[in-house]
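The values are calculated or read from the model by the stated rules, or taken from the named source; none is laboratory data. Everything quoted here is computed from the prediction, not taken from an experiment. Note: ideal-geometry Cβ built from the backbone for every residue, glycine included; neighbour counts use all protein chains shown. The protein model used for the area step is the full one, side chains on, heavy atoms only, and it has no ligands, DNA or RNA in it. Shrake-Rupley method; radii C 1.70, N 1.55, O 1.52, S 1.80 Å.
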Amino acid sequence: MDLIFMEFEITTNKGDEYDNEYDLPRSELVRLKDEIINQTDYFKEREGFLTKELAKIGLTIDEFVSALDNLITTSDQNNDDVLLSWY
């Protein structure tokens with residue numbers, strides 16, 4: 001995920017490669033989702049990279065958009081940031 005966020009210039013508060021959680025602005029997730037859905041030129045320049053990275057984790061672009069939507073809508077709406085964590 002981190003490589004995807006970096007490729008799409010998504011701001012996170014990740015400290016280093018060993019962090020197992022970090023926050024990122026909900027607005028950045030919305031922007032990324034909109035770029036993909038609207039097939040913008042910005043997205044098209046990065047589509048091959050995204051497809052390749054998603055294949056590594058077994059997701060399609062549609063599944064990734066669904067995951068973004070889930071993060072956007074089911075996380076704490078009173079907080080401008082979304083917490084991502086994994087173990």
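Observations on the structure shown:
- In region 1-11, residue nearest to Asn79 (Cα to Cα) [restricted to those that are part of a loop (DSSP other than H, G, I, E, B) and free of Cβ contacts under 8 Å to residues at least 60 places away in the same chain]: Thr11
- Total residues in region 40-87, condition closer than 17 Å to Glu7 by Cα, part of a helix (DSSP H, G or I) and either out of contact with any helix residue (DSSP H, G or I) (no Cβ under 7 Å at 6 or more places or on another chain) or open to solvent by 50 Å² or more (accessible area, probe 1.4 Å) (or both): 11
- Thr11 more than 13 Å from the chain's Cα centre (by Cα), hydroxyl-bearing (Ser, Thr, Tyr) and surrounded by 11 or more Cβ atoms within 10 Å (Cβ to Cβ): no
- Residues satisfying the stated conditions in region 12-39, i.e. assigned to a loop (DSSP other than H, G, I, E, B), under 15 Å from Leu68 (Cβ atoms) and at pLDDT below 95: Thr12
- The residue pairs whose first member lies in region 60-87 and is without any contact (Cβ under 8 Å) to a residue 60 or more places away in the chain, whose second member is of a type in the set (S, T, N, Q) and surrounded by 13 or more Cβ atoms within 10 Å (Cβ to Cβ), and whose beta carbons are closer than 8 Å, counting only pairs six or more residues apart or on different chains, are Ile61/Thr51; Asp80/Ser27; Val82/Ser75.
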